[in-house]
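Undergrad: Pasting a structure here, questions to come.
The values are calculated or read from the model by the stated rules, or taken from the named source; none is laboratory data. Given the structure is predicted, the values throughout are model-derived calculations rather than measurements. Because the Cβ atoms are built from the backbone with ideal geometry, glycine has one as well, and the counts that use them run over all protein chains shown. What goes into the accessible areas is simple: the full protein's heavy atoms, side chains included, and nothing from ligands, DNA or RNA. Shrake-Rupley method; radii C 1.70, N 1.55, O 1.52, S 1.80 Å.
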Amino acid sequence: MQRKDKINYYLDIADSVSMRSTCLRRCYGAIIVKDDEIISTGYNGAPRGRKNCIDADYCTREQLNIPSGERYELCRSVHAEANAIISAERSRMIGATMYLSGRDFKTNAILPDTTSCAMCRRLIINAGICTVVCKTGESTYNVVDVKKWIDDDDSLPQNV
């Protein structure tokens with residue numbers, strides 16, 4: 001058996017975390033790692049104490065045919081990245097790496113376009129995380145330098 005490389009090892013752990021997701025559309029898992037130690041994990045699901053979509057068998061965004069990536073204010077879930085950040089001390093996240101994996105709820109297929117939404121990007125920036133690694137296939141991934149999200153500020157009008 002060939003030994004798995006460290007990046008795919010952590011991505012596989014994030015993928016396992018995604019299996020706790022309670023979303024009826026997309027299942028995400030995130031882990032934060034610093035100095036080769038897992039600091040925290042998170043998956044997408046309703047806030048603690050609220051009914052999960054999977055238990056209610058209902059998704060507002062699905063019922064309204066809202067495309068992926070739009071109208072998050074209608075979503076019941078807290079995103080995986082946010083849950084991982086909430087569960088960690090900021091001082092331990094500074095300079096850390098987040099590993100993110102996503103799967104389609106219906107097909108269980110790995111999402112090749114896995115990335116963080118604009119709100120989660122802001123949380124990642126403020127947490128001090130420096131790198132995000134997104135699983136795009138069984139052993140493929142994209143590496144994002146968070147500084148790029150800071151420099152390429154998509155929240156500003158184009159002319160600013």
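Undergrad: Note down the net charge around R92, summing +1 for each Lys or Arg and -1 for each Asp or Glu among other residues with Cβ under 12 Å from its Cβ.
TA: Charge balance in the 12 Å sphere: -1.
Undergrad: Among the aspartates and glutamates, which have Cα under 20 Å from the Cα of K148 when same-chain residues fewer than 8 positions away are ignored?
TA: E81, D113
Undergrad: Less than 12 Å Cβ to Cβ from I39, Lys/Arg counted +1 and Asp/Glu -1: what total charge do the surrounding residues give? Mind showing how you got there, number by number?
TA: Values: positive: K34, R90, R92; negative: D35, D36, E37, E89.
Within the 12 Å Cβ shell, the charges total -1.
Undergrad: Expressed as a whole percentage, what fraction of the accessible surface of the chain belongs to carbon and sulfur atoms when a 1.4 Å probe is rolled over the protein heavy atoms?
TA: Numbers: 4650 of 9480 Å².
It is 49 percent, rounded to a whole number.
Undergrad: Skip the ligands, DNA and RNA, and give the accessible area per residue of the chain with a 1.4 Å probe, whole Å². Walk me through the numbers before you get to the answer.
TA: Numbers: 9480 Å² over 160 residues.
Accessible surface, normalised per residue, equals 59 Å².
Undergrad: What is the chain's relative contact order, in percent, from Cα pairs under 8 angstrom and six or more apart in sequence? Display every interim value, and only then the final one.
TA: On the way: 309 pairs, mean separation 36.4, N = 160.
Reported as a whole number, the value is 23 percent.
Undergrad: Show me 34-40, 83-89, 148-154 ranked by packing, highest mean number of other Cβ atoms within 10 Å first. Could the numbers behind the result be given before it?
TA: Working: 34-40: 13.9, 83-89: 19.0, 148-154: 10.0.
Order by mean packing, descending: 83-89, 34-40, 148-154.
Undergrad: Which shape class applies to the stretch 73-112: rounded if a/c is under 1.5, otherwise prolate when a/b exceeds b/c and oblate if not, where a ≥ b ≥ c are the square roots of the Cα gyration tensor eigenvalues?
TA: Here the stretch 73-112 falls in the oblate category.
Undergrad: Sticking with this structure for a sec: List the lysines whose Cα sits under 16 Å from the Cα of K34, skipping any in the same chain fewer than 8 residues away.
TA: Qualifying lysines at Cα under 16 Å: K6.
Undergrad: When N counts the residues of the stretch 56-146, how does its alpha-carbon radius of gyration compare numerically with 2.2 N^0.38 Å, as a ratio?
TA: Details: Rg = 14.2 Å, N = 91, 2.2 N^0.38 = 12.2 Å.
Its radius of gyration relative to the 2.2 N^0.38 Å reference: 1.17.
Undergrad: Calculate, in whole percent, how much of the Cα-Cα pair population of the chain lies beyond 21 Å.
TA: Result: 45 percent of Cα pairs exceed 21 Å.
Undergrad: In terms of modelled amide H atoms, which long-range or inter-chain residues lie less than 5 Å from the amide H of I39?
TA: Placed amide hydrogens put I32, V33, K34 under 5 Å from I39.
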